[in-house]
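> Submitted below is the structure of interest, expressed as structure tokens.
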Amino acid sequence: MTAGNNFSTTVESRVLPSFSRRRKWIQRIGFTGLTLATLVTVTPILLIVIHIFSNGLPAISWEFLFEFPRDGMRSGGIFPAIVGTFWLTLGTAAFSVPLGIGAAIYLSEYATENRWTRAIRIAIINLAGIPSIVYGLFGLGLFVIFLRMGTSILAGSLTLAIMTLPVIISTTEEALRAVPNSFRVVSISLGGTRWQTIRRVVLPQALPGILTGVVLGLERAAGETAPILFTVAAFYLARLPSSIFDATMALPYHLFVISTQVPGMPIQIQYGTAVVLLTFVLLMNITATVIRSWARARRQW
Amino acid sequence: MNAFNSDLNEPSPVPMEVKPRALNASMEIVLTDPKIIVEHLSISYSDGTESLKDIYLAIPKNAITVLFGPAGGGKSTLLRTINRLNDLADVVKVQGHVWLDGVDILSPEIDVIKLRRKVGIVFARPVVLPLTIRQNLTYGLELAGQKDRTIHADAVERSLKAAAIWDEVKDRLDEPAVSLSGGQQQRICLARSLVLEPEVILLDEPTSGLDPISTGKVEASLQTLKENYTIVLVPHSVQQAARVADYAAFFLGGELIEYTIGKQIFTNPLDSRTEDYVEGRFG
Amino acid sequence: MKAGKFKDILITSLIKVCGYSAIIFVGMIFVFLIKEGSPALIRVPLENFLQLRWYPIEDRFGLLPLIGGSLIVTLGAAIFSIPLGIVSAVYIAEVAPRWAREILKPLVEVLGGLPSVMLGFIGILVIVPALRQALNLPTGLTAFTGALILGGMAIPTIVSVAEDALDAVPKTYREAALAMGATRWQTIWKVTLPAAKSGVLTAVMLGVGRAIGETMTVMMVTGNAAVFPTGFGAIFKPVRTMTATIAAEMGEVASGSTHYHVLFLIGIILFLISLTVNLIAASVVFRQRKRTERILS
Ligand SMILES: Nc1ncnc2c1ncn2[C@@H]1O[C@H](COP(=O)(O)OP(=O)(O)OP(=O)(O)O)[C@@H](O)[C@H]1O
Ligand SMILES: [Mg+2]
């Protein structure tokens, strides 16, 4: 547009500069608007986190973290819920991580683009979209009732694992695909089988990406309530679960219970529980972010 | 377990007296004991175009055979067919045979893993694996199940020397291979394929990204290597072709136009198309 | 060598099974929902479902108030999450300086990871009382409250999918527009966004899909009154969604009772809705994922 300035005798020469100045203004106002809208979107996130921490941190104590609830949960700690969420997350990982990574390897390294592969992709997209409460129903119907697992850590973990699967599959596949194809070609040309190539070159290079995906998937599982409502979660248990066939308390369900189901619940206990859950989730989130940037920094390609 | 030197297939069902049925008119050399015979090879990719058209070519032992010609002529395609790396591409049609020591390596019964250990390849772009220099070199041995450290060490030294890079890297074998310069990386790649003691080495424009000094080093080591290996090279320029070729084949649009002794093809080509190309009139 | 081959075949088939597991799971979910939900269709006459009352104790299984509740909350959530989500995605992808991107993206990810009970909890303690005071309502547990929080939950999905779509627009498009004298602002609206249209649409669908399926938050903040929402004012009254109904009542019904089967039937409806949304989203977004890189040559 600067070229227009040179034709000083034509009409445009007087019009163009002001026109372009106006466009600059529009752009400036527009960008400011975008910035403000984005701030509207993200400030509540910060406010929520700050609000929960400032109200809940005073409630945190050794006793709160490591003791059982007392007085109908109105005092004491939330130890069984913490332990339960820990076991559930671990159980979810045990099923969803190998299965999800295997599926991602299949999609990225083995599958050719045909009708079946397309069907798998559609199935994954659908799994990702199924409402969490429907997973709860499914877990109830299949694991709890049909397979007679009862409300148990096993049933809950399996339900959460299937729900987590799409997250793990898609992030892992993305990480695998990011590994340059030339590494595969070189490995094959040196007499590697497909599996050797995957194991020795592709997987190690994709590992940080895979870990990020796994952590983000498990983060979601750890915070979910609806899928565990009918498959594992217990309102109150006087002792810790002793096997995977026991029901357990869990942090998100506990938060739900004490904030809606128990009248006269001291507010600090509610916020304290929220802080613990939030810390759990944020830690996983930070872990994922750290792994990602660490891997990006030391990547050799 | 010395898997990489054993035969690809037990007996040798090969008719060594295989006679080309439709010899290209300009084809001059008929070798008595070739290492590789490409017989009526045609290859099409999924886009439908025939990238190699009825190629007949005999490649001798202990010599550098150069495949040259303008882009898209099918040189890389032929090269990758010799160690079945083209299995990875979406090839839709393969006709004909490629005999290596009397075994048809295109037959489905062939053990491609062993074939690839016997026929090494170096690509245009140096691709070092994201490992240390040493790990890059021993990678092929590890794949073959060779765990003996002393064998590793010997193989590393021998092949680095053969690729003329031993002196430059001998003190930094445990550094990441990416820390080397492009020219060094390419010689690491050459050394890496030598570790497996192949019999044939395929090189696809191995010096295209290198400076003249590195190029000279690679060419010099090829001259030594040919004493023990069969070398098939796609050069990155006609000049390079003329410098190193013992035998040279000119490819144009998927066809083998002319195949003869290197000296002759660059000084006195038979086909006018070869002449045009060699003298820089097209391509 | 034989053993190695065997191992290879074993691993390959294991990996293949993993690959197909997603299809198996979707199939199993459908089968078990049908298995537990279809008896409801036999035991309850169809017109019973079409009435305006949900009162299971009297065997009144009118689904309309629940569907209406889900619709009004989702619609409300969509109305402000879609523009905010897209605008934020545009800002992050096209306008924000690098450092801002590095902060904003993880922050949005944090929002996506916040458990829905946590947002419900904040809703009860902060938003509900604030709304009741500000709007002078008899109760703050309304469809509007639910829509507000659900919208927030849909935003991370919309932002991240839409941002990916914007990122995928080739640089050359933008450069061509800028070279022709367009400002960045014009380029965004006239070139980049239209080019990313299908991806942005997918983002919207997935975000809205997430809102329909959300359970805990709505159960905690919408008041759970199963009345069919009519008129504009309904947004400021309590409603009850399909998801909340299942979550609230499944724990108390006897397995095998009519009520139990009807709750599964609602599950089937939710499943079918998400299936439709995601099939459409999938068909829009399906790009060929071919490796562009050829074998080294
Ligand atoms: N992996 C592939 N998939 C599809 N087509 C291919 C593939 N590799 C090569 N081709 C096609 O086959 C033809 C021959 O290609 P090839 O790479 O063998 O030629 P070349 O002589 O090596 O050329 P260059 O000098 O550019 O390397 C070309 O038309 C090319 O487009
Ligand atoms: Mg080539």
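> Quick one: putting +1 on the C-beta of Lys and Arg, -1 on the C-beta of Asp and Glu, what dipole do you get for the protein assembly as shown around its Cα centre, in Debye to the nearest 20?
1820
> To the nearest 100 Å², how much accessible surface do chains A and B hide from each other in total, with a 1.4 Å probe?
So the total buried area for this chain pair works out to about 1800 Å².
> Compare B:84, B:172, A:74 by solvent-accessible area with a 1.4 Å probe and give them largest first, with all protein chains kept in place.
A:74, B:172, B:84
> Pop out a list of residues from segment C:220-250 that are at least 20 Å² less accessible with all the protein chains around than in their chain alone; 1.4 Å probe, no ligands or nucleic acids counted.
Buried-area filter returns C:220, C:246, C:247, C:250.
> Only Cα pairs under 8 Å and at least 6 apart count here; give the relative contact order of chain C as a rounded whole percent.
27
> Here's another thing I want to ask about it. Relative contact order for segment C:15-89: what percent, with Cα pairs under 8 Å and sequence separation of 6 or more?
Across segment C:15-89, relative contact order equals 14 percent.
> Would you mind putting C:44-52, A:216-224, A:161-169, B:240-248 in packing order, based on average other-beta-carbon counts within 10 Å, highest first?
Listed from highest to lowest mean packing, they are A:161-169, A:216-224, B:240-248, C:44-52.
> Related question: Could you provide, to the nearest whole Å², the per residue accessible area of chain B with probe 1.4 Å?
Per residue, chain B has 41 Å² of solvent-accessible surface.
> Ignoring ligands, DNA and RNA, what percent of the 1.4 Å accessible area of chain A is carbon and sulfur?
Here it works out to 66 percent.
> Residue by residue through C:116-129, how many Cβ atoms from other chains fall within 10 Å of the Cβ on average?
Averaged over the peptide's residues, the number is 6.
> Carbon and sulfur together cover what percent of the accessible area of segment C:46-288 at a 1.4 Å probe radius?
Reported share for carbon and sulfur atoms: 66 percent.
> Which shape class applies to chain A: rounded if a/c is under 1.5, otherwise prolate when a/b exceeds b/c and oblate if not, where a ≥ b ≥ c are the square roots of the Cα gyration tensor eigenvalues?
The shape class here is oblate.
> Output the residues of segment A:287-301 meeting this criterion: accessible area (heavy atoms, 1.4 Å probe) in the chain alone minus accessible area with all protein chains in place is 50 Å² or greater.
Buried by the other chains: A:300.
> How would you rank C:10-21, B:145-156, highest first, on the average number of other Cβ atoms within 10 Å across their residues?
C:10-21, B:145-156
> Next up: Find how many whole Å separate the alpha carbon centroid of segment C:69-119 from the alpha carbon centroid of segment B:182-226.
A separation of 53 Å, based on Cα centres.
> List every DSSP H helix in chain C whose Cα atoms extend 18 Å or more along the helix's own long axis and whose mean Kyte-Doolittle hydropathy is at least -1.0.
C:2-43, C:64-90, C:98-113, C:143-167, C:197-213, C:258-285
> Taking only protein heavy atoms into account and a 1.4 Å probe, give the accessible area per residue of segment C:46-288 in Å².
Accessible area per residue, segment C:46-288: 41 Å².
> Next question, about the same structure. Cross-link partners among lysines for residue B:53, C-alpha distance below 16 Å, same-chain residues fewer than 8 apart left out?
Cα-Cα hits under 16 Å: B:75, B:93.
> Here is a further query. Expressed as a rounded percentage, what relative contact order does segment A:81-298 have, with Cα pairs under 8 Å and six or more residues apart?
Relative contact order for segment A:81-298 comes out at 29 percent.
> Next question, about the same structure. For peptide B:49-56, what's the mean number of Cβ atoms from other chains within 10 Å of each residue's Cβ?
0
> Can I ask one more? Would you mind classifying chain C by shape? Square roots of the alpha carbon gyration tensor eigenvalues, ordered a ≥ b ≥ c; an a/c under 1.5 is rounded, otherwise it is prolate if a/b is larger than b/c and oblate if not.
Oblate, because a/c is 1.5 or more while a/b does not exceed b/c.
> By Kyte-Doolittle mean hydropathy of at least -0.5 and Cα axial length of at least 18 Å, which whole DSSP H helices of chain A are selected?
What comes out of the filter, once short or polar helices are dropped, is A:11-56, A:79-105, A:115-129, A:153-178, A:203-223, A:267-298.
> Between residue B:151 and residue B:224, what is the label-to-label distance in nm when each label sits 7 Å out along the Cα-to-Cβ direction?
With each label placed 7 Å out from Cα toward Cβ, I get 2.5 nm.
> Taking beta carbons within 10 Å but only from partner chains, what does the mean come to for residues C:157-163?
Across C:157-163, the average partner-chain Cβ count within 10 Å equals 1.
> Quick check on packing: order C:204-216, A:85-97 by the mean number of other C-beta atoms within 10 Å, highest mean leading.
C:204-216, A:85-97
> Further question on the same structure: Under 18 Å Cα-Cα from residue A:24, which lysines qualify once same-chain neighbours fewer than 8 residues away are excluded?
C:190
> Ignoring ligands, DNA and RNA, what percent of the accessible area of segment B:113-201 is carbon or sulfur (1.4 Å)?
With neighbouring chains kept in place, the figure for segment B:113-201 is 49 percent.
> Please state the shape class of the protein assembly as shown: rounded when a/c is under 1.5, otherwise prolate if a/b exceeds b/c and oblate if not, all from the C-alpha gyration tensor.
prolate
> Another question, if that's okay. Ignoring ligands, DNA and RNA and using a 1.4 Å probe, state the total buried accessible area between A and C in Å², rounded to the nearest 100.
Buried area between the two chains comes out at roughly 7700 Å².
The values are calculated or read from the model by the stated rules, or taken from the named source; none is laboratory data. This one's a predicted model, so the numbers in the text were calculated from it and none came from an experiment. As a convention, Cβ positions derive from the backbone with ideal geometry for all residues, glycine included, and neighbour counts pool all protein chains shown. Only protein heavy atoms, including side chains, enter the accessible area calculation; ligands, DNA and RNA are left aside. Shrake-Rupley method; radii C 1.70, N 1.55, O 1.52, S 1.80 Å.
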